[in-house]
Amino acid sequence: MAWRRFLGMLLAAGIAAPEASASRFTWAFGGDVLTLDPQASNNTFTNAFLGNIYETLVRHNARLELEPALATSWELVSPTVWRFQLRPGVRFHNGETFGAEDVVFSWNRLSSPGALARGNMAAVKEIRATGPLTVEIETNAPFPILLNALTAFYVMDSGWAAARGAERSSNLAAREENAAAREANGTGPFIVRSRTADGPTVLANFPGWWDRPVHNLTEVTFQPIRSAATRTASLISGSVDAVVELPIQDIPRIEASPNLAVVQGPELRTIYLGFDHFREELLYSDVKGRNPFQDIRVRRAFYQAIDVETIRRTVMRGNAWIAGSMASPFLNGAPAASDSAQARTFPFDPEASRRLLAEAGYPQGFSIGLACPNDRYVYDERICLAVIGMLGRVGIRVQPQIETTAVWSRRNNNLDVSFFMLGHAGLPLADSYSTLQEVLNTRGDRIGGLNVGRWSNAEFDALRVRIAAESDEPTRRQLIREALLVEKREVGHIPLHQQPIVWAARRGIDLAPAPDNRLRLWLVRVP
């Protein structure tokens, strides 16, 4: 797989740890967990955090290799039916026994209106119990990468949820929560001891975990710290042991310290800009009675007004990989970096941008709101401010809508955008199909959940259906390439770059870094 080319960099840079006794561990990130409900979020960081508490039938290890988790084995009994043997003796944190009824309950719960995680299981038609520790998963059509999809299907305790009135998923967009949003009961290696929104969340080691722990942690404290400068200062002072998302400008400062170490490399995530393709009149624009983004000339004008090389060099300080398509070349199934499908569709050309705007009927430009987070991606706010300046030079007057992740995520989930920044890492599948299915496919009940701009193309959707069922790898890769070229031809989005992974910690701590940017606490060791 393509990402293996840089996985070695991360592992080689890992912060090696000696044998150590059990310890406490405190770590920081630039934003908070959005919810503890394992089915209410499609936020990558939130889902990664919950992977330390809840578990799936199959999981990715630090090398992004699939391995058994709550299922011990599986077999394909027909082209569309898989049979899974569940792990015996597994208990939830409250002591209840895990079984097939919990898997079926968790599947049914995905039908709740607020269950944003349902998009990961769009290919599944039904999950049924055929024994106390056996389930069958039937897909709508042959789906060779079902195991990848299951890495995001967290299993809940059906009895615990019923006792707390949490049979349905919380709904973040509607601000409807139940007990599962504030407390948790999984089978994973860590128990939630306490939870404070925008404050510390404390986890404790689960001594009844079925797996053999690699970690030596007794207590873990997660502390969201939105200020980049404060995060770095907290690491230097010893207030936290590690930061997941070190500001790029602080790398030399941390590397100069004999007590600290940095891990860095390319992430799977592509940062991009999107348009509202759907509405006949934009919510946040001075253009009335029509949607300028429904004209490809306008989309291309925006594309050619943005200098991605300048953003890479000045904003990202050289620590980014310019994107030519919506699927990173580091993702499984994606075209290689050298493939023309990964090249930029059009060059940076402000004069061409002005000409296209004039041809489309906007010689004086127009105003537009740009929804952007300020604590989600590497230098997200700075990138948006750079984009605002570049578009301003061709007559586009951008009104910044810069918000915290919680507010920005709610805006995206409610489709309350006209022009927006997002990022996608091909997760949870670690495969380009995840981007095709969740970001680019026409938005529907169980698919296209991250297609915030509601771009829609019948040719693309037909290719996506073929890709889902294709088991021949060379044919599958060619179909993925064709699908990405359709989106590029239509200028459905503006890909910017793949951002870097930059973690840092006290020297001697092994963070077990991975290119999906997930901190797997069950692999962390502290001296």
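Some notes on this structure:
- Percent carbon-and-sulfur accessible area, segment 409-527, ignoring ligands, DNA and RNA, probe 1.4 Å: 47
- Accessible area of Ile501 (1.4 Å probe, protein heavy atoms only, ligands and nucleic acids ignored): about 0 Å².
- Expressed as a whole percent, the accessible area of segment 163-252 that falls on carbon and sulfur atoms is 48 (1.4 Å probe).
- The alpha carbon centroids of segment 219-250 and segment 68-99 are separated by 38 Å.
- Once the Cα-Cα distance is subtracted from the 0.36 nm per residue extended length, the Arg182 to Glu255 segment shows a gain of 22.5 nm.
- When you filter the GluC sites (Glu not before Pro) in segment 262-348 for DSSP loop state and at most 11 other Cβ atoms inside 10 Å of their Cβ, you are left with Glu280.
- Helical runs assigned H by DSSP (4 residues or longer) give the chain a calculated mean residue ellipticity at 222 nm of -7000 deg cm²/dmol, each run adding -39500 (n - 2.57) before division by the residue total.
- Extension gain for Glu351-Thr314 works out to 11.1 nm (0.36 nm per residue, less the C-alpha to C-alpha distance).
- Residue-span extension gain [Ile296 to Arg466] - 0.36 nm each, minus C-alpha spacing: 58.5 nm
- Across q = 0.22, 0.27 Å⁻¹, segment 46-103 modelled as identical point scatterers on its alpha-carbon atoms has Debye log10 I(q)/I(0) values of -1.01, -1.21, in the order of the q list.
- Take Lys288: with every protein chain present and a 1.4 Å probe, its accessible area is about 130 Å².
- Anisotropy class of segment 200-344 from Cα gyration tensor, a/c 1.5 cut: prolate
- Short-range pairs are left out: with C-alpha atoms under 8 Å and at least six residues apart, the relative contact order of the chain is 23 percent.
- Whole-Å distance, taken between Cα centres, linking segment 495-527 and segment 281-326: 30
- Sequence-distant residues sharing a close amide H with Gln399 (under 5 Å, placed H): Ile368, Gly369, Leu370
- Accessible area (Å², 1.4 Å probe, nearest 10) - Glu167: 90
- For Arg525, Arg231, Arg212, the ranking by accessible surface with the largest value first comes to Arg212, Arg525, Arg231, using a 1.4 Å probe.
- Inter-centroid distance (Cα atoms) of segment 167-189 relative to segment 458-474, Å: 34
- Size of segment 345-497 as Cα extents on the principal axes (Å, biggest first): 49, 37, 26
- Annotation: per residue accessible area for the chain equals 35 Å², rounded to a whole number [probe 1.4 Å, protein chains only].
- Amide H partners (placed H, <5 Å) of Val135, local residues excluded: Phe84, Leu86, Thr130
- Neighbours of Val491 by Cβ distance under 10 Å: Lys/Arg scored +1, Asp/Glu scored -1, total +3.
- Within segment 212-230, backbone nitrogen closer than 11 Å to the virtual label 7 Å beyond the Cα of Thr196 toward Cβ: 223-224
- In nm, spacing of pseudo-spin labels at Ala343 and Glu75 (7 Å Cα→C-beta vector): 5.0
- Ranked order, Thr345, Thr130 - accessible area, probe 1.4 Å, largest first: Thr130, Thr345
- Of all beta bridges that DSSP places with both ends in the chain, some 75 percent have antiparallel geometry.
- Alpha-carbon Rg/Rh ratio, for segment 260-382, with Rh computed the Kirkwood way: 1.01
The values are calculated or read from the model by the stated rules, or taken from the named source; none is laboratory data. Please read these numbers as outputs of a predicted model, since none were measured by experiment. Glycine gets a Cβ as well: all are built from the backbone with ideal geometry, and neighbour counts include every protein chain shown. The area values use the complete protein model at the heavy-atom level, side chains included, leaving out ligands, DNA and RNA. Shrake-Rupley method; radii C 1.70, N 1.55, O 1.52, S 1.80 Å.
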